[in-house]
Structures are given as structure tokens and as C-alpha cells.
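Down below is the structure, laid out as C-alpha cells.
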Amino acid sequence: MSATATTTEAKPEMITFTEAFSRALHDAMEMDPTVIMLGEDIADEEGGGIFKVTKGLSTKFGGHRVRTTPISEQAIVGAAIGASLAGMRPVAEIMLMNFITVPMDQIVNHAAKLRFMSGGQTHVPITIRTRTGGQHSDMLEAWFAHVAGMKVVTPSTPADAYGLLLGCIFDNDPCLFIEDQLTRTQTGPAPVKGEIIKLGKAHVAREGTDVSIVGYGRPIRDAMALAEKLAGEGISVEVVDLRTVSPMDTETVIKSVAKTGRAVVVHEAPRSFGCGAEIVARIQEALYGQLKAPVLRVASRDVTVPFSRVLEAEYLYKGADIEVAVRRTLDTGSRK
């Protein structure tokens, strides 16, 4: 009697976005002694940050590398820029994205311009971590994508959160790394330790032939869920995750839309003057005459983020909005 050997594949480790951010910071500090952190309440004495991302880091690496600051965003970013000019790789935490308006002068007129003003002799390897999603947390990525010298990054999975944060920390230019409060407890496969994702390169998260959904951050999860649903109807959706809003990987976007002939662009920020308009313009310029349908945008409403949960739900785009847009593009002309 012959015995049949059975093997069981080990399930991948699943981690949350919060755990991914924490691992990236830990591993970066372990890899490079010049990586330091500055921010409000980030040391263990104050609880390790409002979302516990930095919990345990000051105990392991010391208060001289994980430094709690006064409640002064200008001081946080100004000190980080100074430290970067002295050879450090600072990670400056701005608790919520609306508070980033306070150190705008340091970010826009100093961090983003010093390399240019020095003729390339001075680098500013500073990473600014901030959060969106909820009150005090507008998505302001378009502001910084408009600033020459800044890199703007936002992840859609825990593995990307880890790899892209490492990519920012070890980049020689100032990076704005945007986290989303609404996804912090969501899970995904754990990253490979030490694996850095190169900035400026988009990722085709799912291949398809009928329509391309292009976006970044939290909307990619909604796009992936929709693509799975529509596959049951015989509709093939390609999902392109920009990963880096600026610099934008236009080549990957155009290649995808040239294949499908249709596109829906999604972002969490309000519709007017958002990054989605820039993506649509680039698609139109490159593929005029080849598109099978107008490129559509899905975004949140043009209002301030409400405090009320009920109103916030009405403010934010919904997964159903993406589906409506996709079906509209497919109803325009024939599907080949």
C-alpha cells in the first residue's frame, strides 16, 4: 500500500497597516544609524504616538534617536531639515495632514528647494509622515505634487506601506508619506524584511483588458474588490496603483489605457483641481483618438471634511461610485 504524502502550504503572515509602518521605521533605524525620528508624543513615555506606530522604538533605540517634540509643527520640520543637512535621515511626523499647513514655509521654500538652490550639492533626505482620513485630515497631496523637488507617496497595502516608507527614508530628496487612518487596522500579507520599493514606479495590481482603473492609496482596495466582482460578469478590469503620486509613472498608466481603451481615475481627495485631473490630461494628450470612451473621475465632494460620521460618509467617494463610472465607460460604444 503506497502512502500519499500531503503538504500544506504555510499561510502568509498577515499584518495591519499600523504594524507595517512600525516595522519599516524599526528596520530603517536598525539598518542605518543616521535615521532619526521627530514628532509629538512619539516616544514610549508618551505612549508611542496616537496610533502606536512608534511604540517601542524609543526604548530600543534611545530618546536621542526617537525624540518627542513640543506641539510645534514648524519646530519639527525645521529641526528635521537642519538635521538632514548635517548628514542625518530624519523622519518627521505631522500628526494629521491639516496640521501640515503650519510648516508649509519650511517644506516648500526650504526642503523642496535647497538641492536646486545649491546646484545639487546639498541633499535634503527628510521624510514627512502624516495622516489623512477624518476631521483635520484633508487629502492635500495635490498641493505637494505641484511643488518641484517634493516626492509624494501613499500606499494601498501593508506590504507597500513598508516598502514605500523605506523607499522614502533612503531617498535623498524630501518625501511626503501619506498614511490613511481609515485603513490602519486593515490587513494584508507581510512584506519581505528590508525590501525597498523604488519610488516613481507604478504597480499593475491586476491585469485586465476592458477598462483601466487608475488610483492610489485607499481607493485601490475598492478598485480591486470591484474588479473581482465584475470578473463574474465577464468584465476584465485592470487596476493601476500609482504608489508614488509625484513623480508620476505616466508610462505605465498610458500603456494600460492604450491596451483597454477606457479609464476611470479614482482618488479620495475632492474632485476639483485634484491629481485625478492631471492623470486624465496625460491620458488624453497621449491617447487622443484611441480612447473608446471619455475618461471619468471618481472623487470625494468639494467640501471640508466633516466631523460628523454621517456627513463624512456622504463626503467621501464610495466603492459604488467607481462601479457606476466603470459601467458608464463600458456603455459608451462597443466593447471589443
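The values are calculated or read from the model by the stated rules, or taken from the named source; none is laboratory data. Since this is a predicted model, take the numbers as computed values, not measurements. Positions of Cβ are generated from backbone atoms using ideal geometry, with glycine treated the same way; all protein chains shown enter the neighbour counts. Surface accessibility is based on the protein's heavy atoms, side chains included, excluding ligands, DNA and RNA. Shrake-Rupley method; radii C 1.70, N 1.55, O 1.52, S 1.80 Å.
Quick check: the distance between the Cα centres of segment 146-207 and segment 262-318, to the nearest angstrom? If we compute the Cα centre of each part, the gap is 21 Å. For the pair Gln121 and Lys193, a Förster radius of 45 Å applied to the C-beta separation gives a FRET efficiency near 0.85, rounded to the nearest 0.05.
Work out the length of the dipole vector of segment 212-260 about its Cα centre, built from +1 on the beta-carbon of each Lys and Arg and -1 on the beta-carbon of each Asp and Glu, and round it to the nearest 20 debye. Walk me through the numbers before you get to the answer.
Values: 6 positive and 7 negative charges, 14 e Å.
Rounded to the nearest 20 debye, it is 60 debye.
Within the shell of other residues whose beta carbon sits under 14 angstrom from the beta carbon of Ile283, the net charge comes to +1, with Lys and Arg scored +1 and Asp and Glu -1.
At 7 Å along Cα-to-Cβ for each site, give me the label-to-label distance between Ser72 and Met14 in nm. Placing both labels 7 Å beyond Cα along the Cβ direction yields 4.5 nm. Global dimensions of segment 72-145 from alpha-carbon coordinates: Rg and Dmax equal 12.5, 40 Å. For segment 80-233, the fraction of C-alpha pairs more than 23 angstrom apart is 41%.
At Glu207 and Ser272, where each label point lies 7 Å from the Cα along Cα→Cβ, what is the point-to-point distance in nanometres? Using points 7 Å along Cα→Cβ, the separation is 4.2 nm. Amide H to amide H, with H built 1.01 Å from N, Ile36 comes under 5 Å of Arg89, Val91, counting only residues 5 or more places away or on other chains. Per-peptide packing, taken as the mean over residues of other Cβ atoms within 10 Å, places 242-252, 277-287, 170-180 in the sequence 170-180, 242-252, 277-287 from highest down. Expressed to the nearest 5 percent, the antiparallel share of DSSP beta bridges inside the chain is 20 percent. Over all other residues within a Cβ to Cβ distance under 12 Å of Asp32, the charged ones net out to 0, with Lys and Arg as +1 and Asp and Glu as -1. Placing +1 on the Cβ of every Lys and Arg and -1 on the Cβ of every Asp and Glu, with no other charges, gives segment 192-314 a dipole of roughly 140 debye about its Cα centre.
Farthest toward the positive end of the dipole of segment 231-336, out of Pro306, Pro270, Val253, is the Cα of Val253, where the dipole comes from beta carbon charges about the Cα centre. Rounded to the nearest whole Hz, the Karplus-based 3J(HN,Hα) values (6.51 cos²θ - 1.76 cosθ + 1.60, θ = phi - 60°) of segment 284-289 follow the sequence 4, 5, 7, 10, 4, x, with x at glycine and proline.
Assuming charge only on the beta carbon of Lys and Arg (+1) and of Asp and Glu (-1), the dipole of segment 117-221 about its Cα centre is about 180 debye to the nearest 20. Counting only protein heavy atoms and a 1.4 Å probe, segment 154-282 has 35 square angstrom of accessible area per residue.
Given a cut-off of 22 Å, name the pairs among Lys11/Lys193; Lys11/Lys52; Lys60/Lys193; Lys52/Lys151 whose C-alpha atoms lie farther apart than that in the structure shown. From Lys11/Lys193; Lys11/Lys52; Lys60/Lys193; Lys52/Lys151, over 22 Å: Lys11/Lys52; Lys52/Lys151. Other residues with beta-carbon under 12 Å from the beta-carbon of Val245 carry, at +1 per Lys or Arg and -1 per Asp or Glu, a net charge of -3. Using only the alpha carbon atoms of segment 154-247, find the Kirkwood hydrodynamic radius as the inverse mean reciprocal pair distance, in angstroms to one decimal. Value: 14.0 Å, from the Cα pair sum. Considering helices alone, the calculated mean residue ellipticity of the chain at 222 nm is -9500 deg cm²/dmol, with DSSP H runs of length four and up weighted by -39500 (n - 2.57) and normalised per residue.
With the convex hull of the Cα atoms taken as the outline of segment 1-140, the averaged projected area works out to 13.2 nm².
Built from the Cα atoms of segment 202-336, the convex hull projects on average onto 7.9 nm², one quarter of its surface area.
When segment 60-202 is described by a simple charge dipole with +1 on each Lys and Arg Cβ and -1 on each Asp and Glu Cβ, the residue from Gly78, Thr122, Pro158 located farthest towards its positive end is Thr122. Projected label points at Glu312 and Tyr288, each 7 Å from Cα along the beta carbon direction, are separated by 4.3 nanometres. For Ile15, nonlocal amide neighbours, meaning residues 5 or more places apart or on other chains whose placed amide H falls under 5 Å from its own, are Gly188, Ala190. Determine, from the Cβ-Cβ distance of Lys229 and Val102 and an R0 of 41 Å, the FRET efficiency 1/(1 + (r/R0)^6), rounded to the nearest 0.05. Using R0 = 41 Å, I get an efficiency of 0.45. Taking one equal scatterer on every alpha-carbon of segment 154-194, how large is log10 of I(q)/I(0) by Debye at q = 0.18 1/Å? Treating every Cα as an identical point scatterer, log10 I(q)/I(0) equals -0.51. Backbone geometry of segment 264-271 corresponds, through the Karplus equation with coefficients 6.51, -1.76 and 1.60 at θ = phi - 60°, to 3J(HN,Hα) couplings of 10, 10, 10, 8, 7, 5, x, 5 Hz, x marking Gly and Pro. Excluding same-chain neighbours fewer than eight residues apart, the lysines reachable from Lys255 by a Cα-Cα span under 16 Å are Lys201, Lys292. Available extension along the chain between Glu46 and Thr185 is 47.9 nm, counting 0.36 nm per residue and deducting the alpha carbon span. Computed over the alpha carbons of segment 127-204, Rg followed by Dmax gives 12.5, 34 Å.
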